[in-house]
Amino acid sequence: MIQFDAVHKRFPNGTTAVHDLSLHMPEGGVTVLVGSSGCGKTTTLRMINRMVDPTSGTIEVGGKDITRQDAAELRRSIGYVIQQSGLFPHRTVLDNIATVPLLLGHGRRRARARAAELLETVGLSADSGRRYPHQLSGGQQQRVGVARALAADPPVLLMDEPFGAVDPVVRTQLQDELLRLQKELSKTIVFVTHDIDEAVRLGDQIAVFRTGGHLVQCASPTELLARPADDFVADFLGAERGLKLLSLKTLADVPQGPAPEGGAWTLVLDEARRPLHWASASDGAEVPVRPLRDADSLLSALNESVAAPTGLVARVDADGVLTGVTSRDDVHTHAGRAHTEARVAA
Ligand SMILES: Nc1ncnc2c1ncn2[C@@H]1O[C@H](COP(=O)(O)OP(=O)(O)OP(=O)(O)O)[C@@H](O)[C@H]1O
Ligand SMILES: [Mg+2]
């Protein structure tokens, strides 16, 4: 959908920001750009909507060379979200979101109706529409930024560290929102971040850049984690690369058996057979249990198997009813397989 071919960007002061970049960003997918500061991520993003012109090479959006498209028109077909949300401080939230629909020539009423709809889409209350940006929290402002970028229903969204300025909890919420929205909207998204966990969580593919604007590797999160191209990529992914890989695999294929009875520890259930806690047979001590579902990750299973006194993970269905238990060994065996599976898939 977005295709870079041999793209080079050298600024007039001699800085090479992007070096011979060829990269395909598939339609309806999220491509995440990561890499150390100054490695050309923002420049790459801004070349897509022609805020920066490449020195050489070609960029196509939707199969058309962007230099053959009207720049203003191109920009309207591309939503742009930045870290400092970029909202107009003297306009209400609703008017901020309605800016683009108004520019597109929608009447005032239609533009505002669309803006109100988008407020809801990004999870904000109708009431926040009447406020001014400074009357919202950082996380709420970012949501408004996303709503504004979506206002013209553009097929492409460029997001430059959109969640960089909010605390980890809000950040996770915003990521969840984006994943939910993306399921519904299937935009072609190019997302820049410094946070490798965010990249792994959001990306269908991750492109790792090195200083000087060199693309080192572009692969799915699983492939990247299992087979980093070199030490630079491995270092960038961090010491917990293996655990991150486990966060991408689910428990679904790991076998389960009946919960043990009459041993040192018993899994206590309520009347509906939902796990309550582990109870010790010798002194009645209780240890909390965190039951897991098929969709939970191998990482949380490993964690729970270490935390549980029996080394067993309690498995439940969608209603929280016990379906069985899985041993630490089974989790471990499957954890080891995550790597081989990634190799086969690659
Ligand atoms: N307008 C400009 N003129 C000259 N050099 C520039 C210009 N814009 C960016 N650069 C340089 O190009 C390189 C890449 O910058 P860019 O903003 O694309 O990096 P980045 O990967 O987005 O960094 P960060 O993670 O810090 O946001 C840097 O060395 C930067 O100093
Ligand atoms: Mg940047």
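Summary table below
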| item | result |
| --- | --- |
| Computed lengthening from HIS8 to ARG293, 0.36 nm per intervening residue step minus Cα-Cα distance | 97.9 nm |
| Counted charge near ASP153, where neighbours are those whose Cβ lies closer than 10 Å (Asp, Glu -1; Lys, Arg +1) | +2 |
| Normalised contact order of the stretch 265-345, rounded percent, pairs of Cα under 8 Å and 6 or more residues apart | 23 |
| For GLY324, distant residues with modelled amide H under 5 Å away | ARG315 |
| Cβ charges +1 (Lys, Arg) and -1 (Asp, Glu), total dipole of the chain, debye | 1560 |
| Length-normalised contact order for the stretch 191-292 - Cα pairs under 8 Å, 6+ apart - percent | 13 |
| Spin-label model distance (nm) - SER280 vs ASP329, 7 Å beyond Cα toward Cβ | 2.5 |
| The stretch 265-345: translational diffusion in µm²/s, Stokes-Einstein, Kirkwood Rh over Cα pairs, 10 °C, 1.306 mPa s | 119 |
| ³J(HN,Hα), Karplus 6.51/-1.76/1.60, whole Hz, each residue of the stretch 152-167, x for Gly, Pro | 8, 6, x, x, 10, 10, 9, 10, 9, 6, x, 10, x, 9, 10, 5 |
| Leading residue at positive end of dipole, the stretch 44-180 (Cβ point charges), from SER77, GLY123, LEU103 | LEU103 |
| Note, ³J(HN,Hα) from phi for the stretch 266-280, Karplus 6.51, -1.76, 1.60, rounded to Hz, x at Gly and Pro | 10, 8, 8, 10, 8, 4, 8, 6, 8, x, 9, 5, 8, 10, 7 |
| Under-5 Å amide H pairs with VAL192, H placed in peptide plane, nonlocal only | LEU33, MET159, ASP160, GLU161 |
| Size of the chain as Cα extents on the principal axes (Å, biggest first) | 75, 50, 30 |
| Under 5 Å, built H, 5+ apart or other chain: amide partners of GLN217 | VAL208 |
| Debye, to nearest 20: dipole size of the stretch 265-345, +1 on Lys, Arg Cβ, -1 on Asp, Glu Cβ | 260 |
| Packing-based order for 292-299, 251-258, using average beta carbon neighbours within 10 Å, highest first | 292-299, 251-258 |
| Heavy-atom accessible area per residue - the chain, 1.4 Å, Å² | 48 |
| For THR43, net neighbour charge (Lys/Arg +1, Asp/Glu -1) across residues whose Cβ lies under 12 Å away | +2 |
| Net charge over other residues, Cβ less than 13 angstrom from the Cβ of GLN135 (K, R count +1; D, E count -1) | +2 |
| For the chain, the longest site-free run once GluC sites (Glu not before Pro) in DSSP loop states with at most 11 other Cβ atoms within 10 Å are removed | 1-260 |
| Vicinal HN-Hα couplings computed from phi for the stretch 96-112 (Karplus, 6.51 cos²θ - 1.76 cosθ + 1.60; Hz; Gly/Pro x) | 4, 5, 7, 3, 5, x, 5, 4, 6, x, 5, x, 4, 5, 5, 4, 6 |
| Lys/Arg +1, Asp/Glu -1 at C-beta; the stretch 1-114 dipole; positive extreme among HIS19, PHE4, LEU33 | LEU33 |
| Options SER297, ALA285, THR266, ranked by Cα towards positive dipole end of the stretch 265-345, top entry (Cβ charges) | SER297 |
| Length released on extending from GLU27 to LEU179, taking residue separation times 0.36 nm less the Cα-Cα span | 53.1 nm |
| Percent accessible area from carbon and sulfur atoms, the chain, protein chains only, probe 1.4 Å | 49 |
| Rounded to 5, percent antiparallel among DSSP beta bridges of the chain | 60 |
| Amide N of the stretch 160-184 lying under 18 Å from the label point, which is placed 7 angstrom from the Cα of SER137 along Cα→Cβ | 162-178 |
| Stokes-Einstein translational diffusion, the stretch 128-278 - Kirkwood Rh over all Cα pairs, 0.890 mPa s, 25 °C, in µm²/s | 130 |
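The values are calculated or read from the model by the stated rules, or taken from the named source; none is laboratory data. Because the structure is a prediction, the values reported are computed rather than measured. We place every Cβ from the backbone using ideal geometry, glycine too, and count neighbours over all the protein chains shown. To get the accessible areas, we keep the full protein, side chains included, count just its heavy atoms, and leave off ligands, DNA and RNA. Shrake-Rupley method; radii C 1.70, N 1.55, O 1.52, S 1.80 Å.
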